[in-house]
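Below is one structure, written out as structure tokens, with a few remarks after it.
Every number in this text was worked out from the coordinates using simple rules, so none of it is lab data. Quick caveat: nothing in here was measured; it's all calculated off a predicted structure. Cβ: placed from backbone, ideal geometry, glycine included. Neighbour counts: every protein chain shown.
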Amino acid sequence: MKNKLLSISGLLMLLSLVMISCKKDKTPARPKDALTGSWEEVPQKAYSRRLLFGVGGNFSMQIRDQGNQYWSTEVIGKYTISGDQLIVNTSSNLEKSSTGKIISNSPVNYVLFDKGKFSIDQQVLTINYTTYPADAPVATVAKFNQLIPID
């Protein structure tokens, strides 16, 4: 009887040690927001833009002309959303050769999609924002289709 009690208590102590020593993930996964993912501008123009909204607020905009198979420019930064407002702060601008090799990496600091408001309807992202050509501010609209990853 005494041996059984010692065996059971030893087993309980061993299980307790195993449970205590298990490493727990201390960083909870951040939830995705409505923009998370890739978006391709429509309709196609002389150049195309692809927006990449990453988990944690990472942002990238890739630009290329239609005759080039490689992304020629990439603007990198961070984004935040509040309700329907979109704020994108840029941090660097990569210029690439026709083979995709980085030619220059310049630090930049500007707000992309100034005064931006966004909506999503049937996997189409619409961004209303202000551009500033030489003569006066202009209300601008850009539309992007969501790119659905195939696993």
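Give the calculated FRET efficiency between Ser91 and Gln66 to the nearest 0.05, with a Förster radius of 22 Å applied to their Cβ-Cβ distance. All intermediate terms of the calculation are to be shown ahead of the outcome.
Numbers: r = 27 Å, r/R0 = 1.25.
Approximately 0.20, to the nearest 0.05.
Give me the Kirkwood hydrodynamic radius of the range 78-151, using the inverse of the mean 1/r over all pairs of distinct Cα atoms, in Å to one decimal.
14.6
Report the full-extension gain for the segment Asn145 to Lys101: residue separation times 0.36 nm, less the Cα-Cα distance, to one decimal in nm.
13.1 nm
Which pairs, out of Lys45/Lys78; Lys32/Lys101; Lys32/Lys78, put more than 21 Å between their alpha-carbon atoms? Could you put the intermediate results ahead of the total?
Details: Lys45/Lys78 26 Å; Lys32/Lys101 31 Å; Lys32/Lys78 15 Å.
Going by Cα-Cα distance, Lys45/Lys78; Lys32/Lys101 fall outside the 21 Å limit.
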